[in-house]
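Working notes, structure below.
The values are calculated or read from the model by the stated rules, or taken from the named source; none is laboratory data. Just so you know, these numbers come straight off a predicted model, no measurement behind them. Here the Cβ positions follow ideal geometry from the backbone for every residue, glycine too, while neighbour counts run over all protein chains shown.
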Amino acid sequence: MHRKKRRSAVLATLSVFTLIAVASCGGDDDDGETADTEAVADTDAASTDTDAPGDTAAPDETEAPDETTEPGATTAPGDTAGEGDSGAPSVSDRQLPPGEHHVEDEGEPVQGGDLVFGIEADSANPWVPYRTSTATAGYVMMTSVSDPLFTATAEGDIAPVLVESYEPNDDYTEWTLHIRDGITFHDGTPLDGAAVEFNMESCQYSPLTGAAYTWIKDISSSGQDVTITANEPFVAMPRGFTERQCAFMFSPTWMRTLEDVPQRTEGTPIYDAELAAEPATGDPAKPVGLGAYVFESYTPGNGNSFKLVRNEDYWRGPNGITGEELPYLDSVEGVVAVDIDSRSNGVRSGQFDVIHTSNADAISQFLEDDSLETIATSLFGDTGYIMLNVAEGDTDPEGVNAASPLLNVHCRRALAYATDVDRYLEEREAGLSMKANGPFGPGMLGYVDDSGYPGYDPDKAVEEFDQCLADLGTDTIEFTYNTTNDPFNVESNTLIISMWQEVLGDAVQATITPIEQGQYIGLALTGTFNAFGWRNHGGIDPATQAYWWQSTSSAPIGELALNFGRFKDPDMDAALETVKTESDPAIRKEAAEEVSRIFGEQVYNIWLGWALWGIVEQPYVNGLESNVLPDGGEGVGLAFSGRHQMNQIWCDEGTCE
């Protein structure tokens, strides 16, 4: 049996960073963040986790360009990867959280083995991208049964996967993708431009995922080509089909049989009367992808599982177009174990070969356990924070939020100054996570070392609070503070209230309101809250985050909106517009950093920490971070809030035991 060598980056606090994160918010039941649930920003939808508090470089012609790259190349002019092209920080040189840890594999991959993965949650409305609320656990299935159009390199550059080449027009209002030829879905349907168009349009016009694709004006296809026309210049187009669920392609033959596929919805621009007349006999819980593993079975709920078996005709296999030897495993089974204790006991007993978690206490314990291997990182991941509802005027026409003290910026700043985040992370995150000062973590475009966000300062807290009370003409402030009903999360958020009261006294009357996990996301979408434990904003490029914060994503309380806090900030709108439309890397960088500074000044959210995700595996499991791309480049390993490839995992001697 081969043993792995440890390559530890623990406590590597190299201050070589100057320069994002949040989106599939994970309010795991065993999570240590106050962020009690995840809004799936990086998964195109709103969804919840149950575990929250928490590869070779693509060839030069497909990597992100430098500042001199002209349209017409197969590069992304607005890419956000390394310094010298977009102005974003170097991933390899970013500051690391204390809990960052990686392992290196030894030996050569071998075929065989049945991998059992203990996952934190089931996914709502599985498994077709336009309808499923997919958080971290769902991507174990998604990345096993299919592949994305694009992924990221180890440095965060855009890397084509199912796409062979891509290019924008001169003003980035039109992008043409050329799809690799010779790939088929598991049912034999060819992957061509029409198949990609069908997938994209189903997401574009879905009630769940459509908000992430409002920038699209039109999609057309011919042969292996797909052309996407945007409403305005959109320099980060490939990012919209990279780390999100709608990046993954599924058989249009299967999708056409589904009852709720948007192409069956009369009144939409993509309504297909002929398709609508066909019987809807398909099962969305039996996905037909084109990935390394073929769907075999799925039983929903805690303790149940999905099972996938090797795809003998995988396009990256011996019978495929690349001539590789993938996949290595015979099968993959994902078993839902919602409680972290159950997952931890399962991997220690040998029931599970691999588990994932964002529970820092659990990660801390596993890092000390030499009988298992632990990978942990916050790369391109979520930010934990307290979301504040500042709806007023046309977003609160009935005055539901009118009495909230959180409308006053001095009240918000006072609470931020009174929050001892270092203490919080030590007591609730085992000291493994990094303190956040905005939505974008190290390694992401928009990160700044000093965003102007109020750090812990009791004297300044009192000063701002005095102004808050004077503005409101009162001696106290009162508001509700929502959390999921998980005891750990309730305790975490109660700790924060105690911090406020230690500094500001009983004049702060915040009431903890525990909410059942399944109802939590609905309250965010409708703006039915004052303060809300949350985690969100994982990803690479702020252009794909804009809909969480732009004024057009807001709506009156009671109506669905992705701008949950319902703030309308012209300066924020202008900065986000620049990030989406400007091709000059230096200008994009400055605009993205301005987003962080606006958050720092206005305190629309109270930031806590950049969430750490961990993968715990048996010593015989290998290859989880070895992400060799189709063209030989090095892809990103563990990133995006606990996600990773599944097609290159292997077990010693071909047996996972």
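Counting residues that are acidic (D, E) and surrounded by fewer than 24 Cβ atoms within 10 Å (Cβ to Cβ), which strands (runs of 3 or more DSSP E) fully inside the stretch 148-238 reach at least 1? Talk me through it step by step, then tell me what you get.
On the way: elements: 150-152, 158-160, 163-168, 174-179, 216-222, 225-230.
Output list reads 163-168, 174-179, 216-222, 225-230.
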### Matching residues in the stretch 239-262 - criterion: being within 18 Å of M444 (Cβ to Cβ) and in a loop (DSSP other than H, G, I, E, B)
T242, E243, R244
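I'm trying to understand the selection: among the residues of the stretch 114-132, which are in contact with a strand residue (DSSP E or B) (Cβ under 8 Å, 6 or more places away or on another chain) and part of a loop (DSSP other than H, G, I, E, B)?
Step one: list which residues in the stretch 114-132 are in contact with a strand residue (DSSP E or B) (Cβ under 8 Å, 6 or more places away or on another chain), which gives 114-127, 129, 132.
Result: E120, A121, D122, S123, N125, P126, W127, P129, T132.
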### Task
From (1) at pLDDT 95 or above; (2) of a type in the set (F, W, Y); (3) more than 15 Å from D147 (Cβ to Cβ), pick out the condition that doesn't hold for F185.
(3)
### Summary
Counting only residues in the stretch 394-430 that are over 16 Å from E478 (Cβ atoms) and among the β-branched types (V, I, T), the one surrounded by the fewest Cβ atoms within 10 Å (Cβ to Cβ) is identified as V409
### Task
Return yes or no: is Q467 modelled with pLDDT of 95 or more, polar (S, T, N, Q) and out of contact with any Pro (no Cβ under 7 Å at 6 or more places or on another chain)?
yes
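Return the residues of the stretch 296-351 that are closer than 30 Å to R180 by Cβ and among the aliphatic types (A, V, I, L, M); say none if nothing qualifies.
Filtering the stretch 296-351 down to residues closer than 30 Å to R180 by Cβ leaves 296-298, 306-334.
Residues satisfying the conditions are L308, V309, I321, L326, L329, V332.
May I ask you to list the residues in the stretch 423-479 that are among the aromatic types (F, W, Y) and part of a loop (DSSP other than H, G, I, E, B)?
Residues of the stretch 423-479 that are among the aromatic types (F, W, Y), as a first pass: 424, 440, 447, 453, 456, 465, 479.
F440, Y447, Y453, Y456 - these are the residues of the stretch 423-479 that are among the aromatic types (F, W, Y) and part of a loop (DSSP other than H, G, I, E, B).
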### Task
Consider T474 carefully, then state whether it is among the polar types (S, T, N, Q), under 30 Å from D341 (Cβ atoms) and either over 34 Å from the mean Cα position of the chain (by Cα) or at pLDDT 95 or above (or both).
no
### Task
Only one of these is under 23 Å from the mean Cα position of the chain (by Cα) and aliphatic (A, V, I, L, M): L407, L388. Name it.
L388
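For W548, indicate whether it is among the aromatic types (F, W, Y) and over 19 Å from the mean Cα position of the chain (by Cα).
On the way: among the aromatic types (F, W, Y): yes; over 19 Å from the mean Cα position of the chain (by Cα): no.
The answer is no for W548.
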### Summary
Going through (1) within 17 Å of G642 (Cβ to Cβ); (2) buried (at least 24 other Cβ atoms within 10 Å of the Cβ); (3) at pLDDT 95 or above; (4) not aliphatic (A, V, I, L, M) one by one, E100 fails only at (2)
## Note on the structure
With criteria (1) in contact with a strand residue (DSSP E or B) (Cβ under 8 Å, 6 or more places away or on another chain); (2) more than 19 Å from S220 (Cβ to Cβ), E155 comes up short on (1)
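Does I363 satisfy the criteria of being assigned to a strand (DSSP E or B) and not polar (S, T, N, Q)? Write out each step before concluding.
Working: assigned to a strand (DSSP E or B): no; not polar (S, T, N, Q): yes.
When the stated conditions are applied, I363 does not pass them.
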